[in-house]
Amino acid sequence: MQDAHEAPTPPAALPLDGEGGGGRGRPKKNGVSRLMRLERRTAYLLLLPTFLVLAVIAAYPFGQVVYSSLTDAKFASSQPTSFVGLDNYRTLFAMTIRRLPPKLDESGAPVLVDGKVRYESAVSVLPRSPRRYRQVFQFGLLGHRYVLGAVSADFVRAVWDTVVFTVVAVALETILGMIIALTLSSEFRGRGAMRAAMLVPWAVITVVSARIWEWMLQPTRAGLFNALGSYLGLSEGRTDFFGNPTLQLPSMIMMDVWKTTPFMALLLLAGLATIPAEYAEAAKVDGAGPLRRFFRITLPLLTPTLAVALIFRTLDSLRVFDIFQVVLGNQRYSMASFAQDMLISRRDMGLSSAASVTIFVIIFVFALLYVRSMKVDT
């Protein structure tokens with residue numbers, strides 16, 4: 001008989017994987033349990049109807065657009081369609097960079113005007129055959145002057161303008177929306193009225209708001225901005241916001257920021273409401289100031305909401321169409337308005353489809369970068 005004071009015999013160790021017992025002692029480290037496989041299979045079955053609906057209403061039309069981009073199809077035309085492969089994409093992305101030579105006087109020295117070197121025109125250096133290249137923009141590098149030329153200069157410029165528009169507008173809307181959301185999340189008299197008033201610009205139809213801004217930015221003193229500039233002595237009251245290429249894009253950004261900042265503020269305000277007030281109160285007791293509480297507590301907890309808001313606004317800005325079409329028309333394009341102009345005005349369905357596929361790829365890349373960088377999937 002075992003002594004009562006003797007330590008009990010420890011139980012035998014369970015067999016490990018690959019040892020006795022058929023490997024049933026401990027689950028495989030990297031394996032997937034049967035329950036997890038069953039849950040995954042069930043999830044796929046539940047999502048199958050949604051995937052089928054998307055395949056019908058999205059995948060098939062997108063496939064038709066991809067096919068049209070590989071042809072010379074014309075919109076509303078009875079002419080036979082031919083397969084041209086990647087010719088439409090070559091037209092969109094055919095670009096070249098050429099160095100501009102300086103203008104020379106009779107002695108062979110560079111011509112100077114106000115101390116600056118004058119250069120030859122871009123037409124003199126850009127190729128004209130087999131396809132004609134047009135200037136997109138000029139830039140200086142290492143003391144030389146260069147010109148970027150493209151067969152479809154309007155499309156390249158539209159891509160650049162749309163990306164700049166998206167980056168600047170979304171950044172401003174996020175900063176202003178955060179300030180408004182933080183303000184409206186605090187307790188003060190009239191907060192409900194302020195929240196309602198905040199949504200007015202966002203509720204206005206985009207075409208209507210574009211017309212309102214078009215009136216305020218008139219190139220005469222009848223426009224609000226020119227009238228204020230003239231009254232304050234900042235300008236002569238004849239600034240052409242939509243006719244001056246330098247002011248066109250900033251004007252579009254200003255219009256979009258005014259209209260869409262309330263949307264960002266609304267999303268961020270909803271995110272702030274989910275953060276427990278005890279965290280900020282505890283940090284305040286510990287002596288943390290407002291900025292430290294914001295960057296150490298509020299912003300990290302708000303990151304998931306902020307990521308979703310940024311994705312929504314970025315995707316929406318990249319496909320901007322209405323304000324460019326209403327205000328600028330064919331003076332300056334966004335990517336979407338370029339595709340529309342190619343289809344309706346020039347009836348080039350093949351080139352328009354190629355532009356649309358390019359827009360899809362750019363938007364997909366932006367969304368993927370956002371999801372990866374901000375870890376939305378986790």
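The values are calculated or read from the model by the stated rules, or taken from the named source; none is laboratory data. Because the structure is a prediction, the values reported are computed rather than measured. Note that each Cβ is placed from the backbone with ideal geometry, even for glycine, and that neighbours are counted across all protein chains shown.
The table below lists the values:
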{"item": "Count of segment 237-273 residues which are out of contact with any Phe, Trp or Tyr (no Cβ under 9 Å at 6 or more places or on another chain), of a type in the set (D, E) and surrounded by 19 or more Cβ atoms within 10 Å (Cβ to Cβ)", "result": "0"}
{"item": "Filter pass, E214 being touching a helix residue (DSSP H, G or I) at 6+ places or on another chain (Cβ under 7 Å), farther than 28 Å from A336 by Cα and not hydrophobic (A, V, I, L, M, F, W, C)", "result": "no"}
{"item": "Selection count, segment 183-222, where residues are in contact with a Leu (Cβ under 9 Å, 6 or more places away or on another chain), closer than 23 Å to L249 by Cβ, surrounded by 13 or more Cβ atoms within 10 Å (Cβ to Cβ) and without any contact (Cβ under 8 Å) to a residue 40 or more places away in the chain", "result": "3"}
{"item": "Residue tally, condition within 20 Å of F338 (Cβ to Cβ) and either among the acidic types (D, E) or not in a loop (DSSP other than H, G, I, E, B) (or both), over segment 97-136", "result": "3"}
{"item": "Close pairs from segment 223-247: first over 24 Å from F165 (Cβ atoms) and in a loop (DSSP other than H, G, I, E, B), partner at pLDDT 85 or above and of a type in the set (G, A, S), Cβ under 7 Å, at least 6 apart", "result": "S235/G229; E236/S230; G237/A227; G237/G229; G237/S230"}
{"item": "Residue in segment 75-93 that is closer than 25 Å to M335 by Cα, touching a residue at least 60 places away in the same chain (Cβ under 8 Å), assigned to a loop (DSSP other than H, G, I, E, B) and not small (G, A, S) present", "result": "yes"}
{"item": "Qualifying residue in segment 299-306 (condition: surrounded by fewer than 20 Cβ atoms within 10 Å (Cβ to Cβ), in contact with an Asp or Glu (Cβ under 8 Å, 6 or more places away or on another chain) and on the phi < 0 side of the Ramachandran plot)", "result": "no"}
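Matching residues to (1) closer than 18 Å to T206 by Cβ; (2) without any contact (Cβ under 8 Å) to a residue 60 or more places away in the chain:
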position	(1), (2)
A273	no, no
A280	no, yes
V285	no, yes
S317	yes, no
V326	yes, no
R346	no, yes
